[in-house]
1. Quick one: order Tyr74, Tyr187, Tyr142 by neighbouring beta-carbon count within 10 Å, fewest to most.
2. Given the Cα-Cα distance of Tyr170 and Phe123 and 0.36 nm per residue of separation, how much length would full extension add, in nm?
3. Measure off 7 Å from each Cα along the Cα-to-Cβ vector at Val83 and Thr30, then give the distance between these two points in nanometres to one decimal.
4. So if each residue of separation counts as 0.36 nm, and I subtract the Cα-Cα distance between Asp95 and Leu203, what length gain in nm does that give?
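Values in this text are rule-based calculations from the coordinates and carry no lab data. Here the structure is a predicted model, which means the values were calculated and not measured. Note that each Cβ is placed from the backbone with ideal geometry, even for glycine, and that neighbours are counted across all protein chains shown.
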Amino acid sequence: MKKHIYLLAAGSFGMLASPAMAQSYDDPFTGLRVEALAGFDATKAGDTVDDDFNEDNDQSTEGLVYGAAVGYDYAAGPVVVGVEAELTDSTAETDVENGDFEGFGLGDVDVGRDIYVGARLGFVASPDLLLYAKGGYTNARYNIEASFDGEEFGSSVDADGYRVGAGGEYAIGTNSFVKLEYRYSNYSDAELDFEDDIPDVELGEIDTDRHQVMAGVGFRF
C-alpha cells in the first residue's frame with residue numbers, strides 16, 4: 001500500500017513539475033516588451049560610391065545612437081518569434097579628416113532619426129539566454145544645412161532600406177532583460193525633402209551602408 005502511495009505521489013509531483021519547468025522555460029521570452037537602446041553608429045559610402053582611389057578617404061561618420069523600442073514575442077518551446085518597432089537618433093555628422101571631406105555620398109549632413117519595423121526569430125540556448133536573428137524595413141533621415149546668397153535653407157534626405165542583424169538577450173528574473181546586438185542597414189532609395197513650400201525631389205538610387213552595435217535594457221509585461 002505504501003509503495004502505491006509513494007508511486008502516486010511521485011507521479012503527481014512529476015505532473016506538477018513538468019508544467020512549471022515549461023513555464024519557466026518559456027516565460028522569460030514571451031509577451032510585450034519595451035526597451036531603451038544605446039550604442040555605436042557608423043554610416044559610410046556603399047561599394048558603388050566609395051572612393052577607391054584615395055586610401056585616406058574612408059567616407060564615413062561615427063557617433064552615438066540612442067532610442068527606444070517596443071515588441072512582442074511568442075515562445076513555442078525553444079523557438080521564439082517576434083515583431084518589433086524602433087525609433088532612434090544619432091550624434092554622427094560629417095566632418096573633415098586629414099583634409100578629406102567625409103561625405104559618404106550624401107553631402108554635408110548630420111545623422112537624424114531612424115525608424116525600424118521588423119521581425120526576429122530566436123532560439124532559447126539556455127533558460128535565461130535567447131540567441132536571435134532579425135530583419136526588416138528601415139527609414140533614416142540625414143539633415144542637411146545649406147546656404148545660398150546668404151540665406152539658410154534646411155532640408156533632409158529620407159532614405160529607405162533594409163536591416164539585418166543578430167544578437168543575444170539575457171533574462172534577469174521574469175520581467176527584465178539586457179541585450180546586445182549587431183545590425184547592418186543598407187539604404188538604396190532616397191528623397192530630398194525641403195522646408196517651407198519647396199517641392200520634394202526624388203534622388204532615386206543611392207548606396208549607403210550603416211553598421212551599429214547596440215546594447216539595450218528592457219522590461220517585459
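1. Lowest count first: Tyr74, Tyr187, Tyr142.
2. 15.7 nm
3. 1.9 nm
4. 36.6 nm
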